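I have placed the structure first, in the form of structure tokens, so that the comments after it can refer back to it.
Bear in mind these aren't lab numbers, they're just calculated from the coordinates by the rules spelled out. Remember, it's a predicted structure, so these values are computed and weren't measured experimentally. Counting neighbours? That spans all protein chains shown, and the Cβs are built from the backbone with ideal geometry, glycine included.
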Amino acid sequence: MVDRTSLPAQLKWYYSRLFPLDLIGKWLSYGEATTLAKREVSFTLEGDIYLRYRSFDTPAALGTELGKLTPIKIDFGAVHNIRPRDKGASALPLTPAEKELVFDIDMTDYHDVMGALRDSDPTTETDVNWAYMAAAVRILDTALEEDFGFRHRLWVYSGRRGVHCWVADARARRLSNEARGAVAEFLGLRFEERANLGGRRATDITAPLHPSLARARREACEPTFLNFVLGEQRLLDADGGDTAGVLAHIPDRGLRVGLAGVLSRGPLATATGVDRWARIEKELTRAAKADPSLKSVSDHIVLRYTYPRLDIPVTRDVGHLLKAPFCVHPKTGRVCVPFDAANVESFDPRERRLVAELGMTLSPVPSGARDNVFAYGGTFMQRDAVTIRGKPVKVFLSDVMRQLVEAHSTDFAAPFESEKLLSTNLRGLMGNLVSDDEFAAVVAYCGVDIEASANASAADYVHKALLFTSARDRQFYVTAGLHGLVRAMLARSGVPVFCNHKLTSCWDVTKDLKELTFAGHAGESPPVVARSVIMTLTREQLVAIEGVTSHRKQYTRHVQAVPIFVAVLTFVDPFWTRLGAFYGRTTTERPIRAVHYLADGKRVAVVCSGVYAAFWADRVEAGVAGVVMGELAAHVAAAHHTGSEPLTVMRELAAGSRNGIHACGDSFSTHQNWVEGALESADAVVRVFERTGGVGGPPPSGGVSVGGGAATAAASSSGGWARGGLFKRRSAPVPLTGGGGATAAAGGVGGGAATTGGGG
């Protein structure tokens, strides 16, 4: 238990020294200061005094309030239409506008399935039963990404009995209560009371299992059930287990009684829980042949003892507040730290530092020096005071980088083509120029681990070396950023540009003139009259502008954003020219998807869309650009020299019919990544088909369409329909392969239906 008498002093020190105010502020504002100002924050003070509807314009203002009140608990709520602190003073009612999609999983909800490791102390109980939480995190994190496409997920240890998840994608934050409830209901399962020995089973579990439940059982539930529930919890042990409770979920009384007898005698009476479960599954499989209703019993038992127990109201209500990351749990003194969902099994809540212990590991920091310190060797050190070999760290690092450029000038000229840089990490590249201790000091000084792993390619960091050693004027675009560059260009052009203004309306005043009104920081600006207007706005911004026609807004609502990733690779040996490709496009089933051969004969452009674009872009953003470029180059080379042979596929399949197989799609056109390309290739195939009827005539089974890219068109040799990536005749399904944005099916006889997918 935490010492409540010393907790206020510890919290005051923690809030002033370690609480990451700037990080919290950046997260909660999402780049908009007004978003932070409208975010509700609540405090719980000593004595269970609860303060709601607090809001702060800046992270510093939040920090000031934390220092004054020293709350024992902090909760974050929704972003509202007005500042929560103005509630009552404003004529507008306080209405939640958006909030992260959140999930709360509490160990208390697992009490009915716990066995030998149940404990009267909630903290100890969570510590020893963390496997339940690990399985829940595995299942939900995978489902949120693969079933819903959410990419930005923050998992946080609650400090005592469970975990929280914050989904921060823009579309997740703007979900209605109904949509949030639908997501929670999809991810949750409802089970009967454990004491219900009548054997009624949850109707959510059917045979075969829904794909998301099948994935959950395969990847998380079954391993947890076998290793933890049957192993450590000893659920099916003959001595001290709960065999009767497990068998109660079998609805067939005769089978239930028979299994109870089998498990109580012979070798199974003293066997391990895993062996006893294997016998139960064997008998269930045998009985299900005569009674299909028993097929889902095994799934039901495994999921009931391991599937996540969600607090549905917490997820459903956009106005519900949730404990803030990095706050301190008042009953344990543990910091509510985020953790990596990919390594959740290795997270041990018992190793979380208590707020009382944190103060013992740090040396005093001078007043007012918080922004000029960094942590190294278990203490806080002032940046200005740190030197290596008598030089300030930045000067020392600059000298080292200059020596690296001189030693590897050939490699630095083309870093992503250098085998040496691609196969060497930064520490290895520095060699004897720095010692291990000096390198560790540099890493700590930079504030991030610039060598995230031993396999991180030195090519990723070459641009840092060039930055340190280049002339000051060449660094301008890096140091000033894109906005500074744009301002400099506009200043030279002499064109009047007004920044920080929001377009609010665009009305036709005459046949040829339009009047635009803007809102700036100081209120409405004078209207502007123009003949033509180019709006480079998001869909949401465009729809909100007054004067934009309803037809245009309706069209805009159907626009779907498709991620595109383009990488240009230069090869010393343009091997594709030896294969007969000098300029043009090809495609491959590899993750690089489309390859464009540029006119200079030395470069190729890799063009991906959809999930492939997101995959490569995420890796680049993660800081492994050099590794990514090397992998892209390897894919290009492998696609030409191994089984894919994209040139052959391009040349032969795009030409027309080959034994009833027709290839079409934007990848086989001159408009790749555009729906025009899909239509162009489909038109060409249809013309060939109408002229020849296919080589040897149409195949009786209907034909197979092969396509890829952002849009795919399928041609059928007989009447049929396309839906959801499966091309079917009335008699038997025929697979349609290829990646897809828009899919169109054209029937050779009797017509067909058209189905459009996401993307295009």
Which of the lysines could a cross-linker bridge to K295, judged by Cα under 28 Å and excluding same-chain residues fewer than eight apart?
K282
Straight-line reach from K323: which lysines have Cα under 27 Å away, leaving out those fewer than 8 places along the same chain?
K12, K26, K38, K68, K73, K87, K99, K331
If we sort 539-545, 608-614, 170-176 on the protection proxy, mean other Cβ atoms within 10 Å, highest first, what's the order?
608-614, 170-176, 539-545
Once the in-chain neighbours fewer than 8 apart are removed, the lysines whose Cα is under 29 Å from K420 read K394, K464, K602
Let me check I've understood the local charge: for L101, count other residues with C-beta under 14 angstrom from its C-beta, Lys and Arg +1, Asp and Glu -1. What total comes out?
-3
